[in-house]
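The values are calculated or read from the model by the stated rules, or taken from the named source; none is laboratory data. Given the structure is predicted, the values throughout are model-derived calculations rather than measurements. Neighbour counts run over all protein chains shown; Cβ positions are idealised from the backbone, glycine included.
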Amino acid sequence: MSSCRSQKGLALISALLVVSLAGVLGAGRMFTLQVESQSSKALIGNARGRMLALGIEELAAEMLAADAAASASDHPGEDWAQKIGQSIPGSGQTTFQGRMEDMQGRFNVNNMITFQGAADMIAVDQFQRLLRILELDETLAYKALDWMDSDNLPQPLAGAEDEAYTRLDPPYQAPNRPLEDVSELLAVEGFNAAVWSALAPHVTALPVPGPPTPINLNTASEPVLLSLADDLDPALAQLWLEGQNNGGVSNLSEARRALPANMASRVAISSNWFQLRLAVNVDGARFFLTSLLDRGAGTVETRWRRQGIPAEAWLAPLAQQRAES
Ligand SMILES: [Ca+2]
Ligand SMILES: [Ca+2]
């Protein structure tokens, strides 16, 4: 009798266990289906965002090609420089915004080394002036140079080669090559988040090899214009700056005469390098694209594309943490 009751009890427990397991499995399956549905929505949105961004990039390249055929200079009044942004009607919630920026309006940090990996002191001097104008430590130019030059010998005044980085936690080495992305500067000794936020709008890292990239007088910021020479008349820099909204400098030879001989070839009034930044939103799925467009060879080529939020957005807090530790 007692054994029979215990068997009945066991059967009841087993049945309850099966029912509750089925419930758990059912709930789990529903949860999985919901997650799968959310992820496929995000995946589809992301794929559509990418397609749209690549289409806009192609239109931007066409715009740059048309501009090269129509004008000999590049300035902020031209079509390529205008902000773009639109809601696409009849396509749910699809919006995009972005703009192209002339990268020759910025100082190309990679100008500081030659094709052979040696220092280009004219560019190093210019970077020092830029740092000084921005009220930053001008010896940071030497640390950036050491990061890129081919040797492992620290610049005598304030350099930083492997020995500065191998004692960090985690340790790393100076790559001794040009920057692949300008945000790489955040890994260089002394370039903390505060330095970065002051410097970032004025610097770029363009692919090498090639001769030093000249600064476009018609798109450069005031600090970049002032970095062209120690004794540049601030009134002339101001004149160039104000002229940018009225078609910019048209007589390059005359502008070059206002500069020291070794800087004359380092200015221009047109550009070959443009960066397109786009943010696309497809039904809540956001897609970010940064593309570097090169107009140097007569056609417009995409030299690189980076997806996701720009690297500096997540690198800057890391540099801040390192500075505080
Ligand atoms: Ca133009
Ligand atoms: Ca080095």
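Overview of results
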| quantity | calculated |
| --- | --- |
| Count of residues meeting criterion [part of a loop (DSSP other than H, G, I, E, B) and surrounded by 20 or more Cβ atoms within 10 Å (Cβ to Cβ)] in segment 160-188 | 6 |
| R132 being of a type in the set (K, R) and in a loop (DSSP other than H, G, I, E, B) | no |
| Residue match in segment 240-248 (condition: under 30 Å from A42 (Cα atoms), of a type in the set (A, V, I, L, M) and at pLDDT 95 or above) | no |
| Residues located in segment 198-212, provided they are hydrophobic (A, V, I, L, M, F, W, C) and assigned to a loop (DSSP other than H, G, I, E, B) | A205, L206, V208 |
| Matching residues, segment 257-298, being surrounded by fewer than 13 Cβ atoms within 10 Å (Cβ to Cβ) and either more than 16 Å from ligand 1 (Cβ to nearest atom) or within 12 Å of the chain's Cα centre (by Cα) (or both) | R257, A261, N262, G284, A297 |
| Candidates P201, P212, P156 - the one that is closer than 30 Å to S71 by Cβ and either surrounded by fewer than 17 Cβ atoms within 10 Å (Cβ to Cβ) or within 16 Å of ligand 1 (Cβ to nearest atom) (or both) | P201 |
| Hits in segment 139-162 - residues which are away from ligand 2 (no atom under 11 Å from the Cβ) and farther than 13 Å from I113 by Cα | T139, L140, P156, L157, A158 |
| Checklist (1) over 25 Å from A229 (Cβ atoms); (2) at pLDDT 95 or above; (3) not aliphatic (A, V, I, L, M) applied to P171, failing item | (2) |
| Members of segment 52-68 found to be exposed (fewer than 14 other Cβ atoms within 10 Å of the Cβ), within 16 Å of ligand 1 (Cβ to nearest atom) and not hydrophobic (A, V, I, L, M, F, W, C), listed by number | E62 |
| Residue that is away from ligand 2 (no atom under 16 Å from the Cβ) and hydrophobic (A, V, I, L, M, F, W, C), where the choices are I113, I84 | I84 |
| Residue count for segment 82-115, restricted to those that are surrounded by fewer than 18 Cβ atoms within 10 Å (Cβ to Cβ) and within 13 Å of ligand 1 (Cβ to nearest atom) | 1 |
| Residue that is farthest from ligand 2 (Cβ to nearest atom) [pool: residues in segment 25-76 that are modelled with pLDDT of 90 or more and polar (S, T, N, Q)] | S71 |
| Matching residues in segment 164-190 - criterion: being away from ligand 2 (no atom under 15 Å from the Cβ), touching a Phe, Trp or Tyr at 6+ places or on another chain (Cβ under 7 Å) and touching a residue at least 24 places away in the same chain (Cβ under 8 Å) | L186 |
| Cβ-Cβ under 9 Å pairs, at least 6 apart or on other chains, segment 143-163 side at negative phi and without any contact (Cβ under 8 Å) to a residue 40 or more places away in the chain, far side basic (K, R) and surrounded by fewer than 16 Cβ atoms within 10 Å (Cβ to Cβ) | M148/R177; S150/R177 |
| Pairs where the first residue, in segment 31-51, is exposed (fewer than 15 other Cβ atoms within 10 Å of the Cβ) and the second is at pLDDT 80 or above and among the charged types (D, E, K, R), C-beta under 8 Å, 6+ apart | K41/D283 |
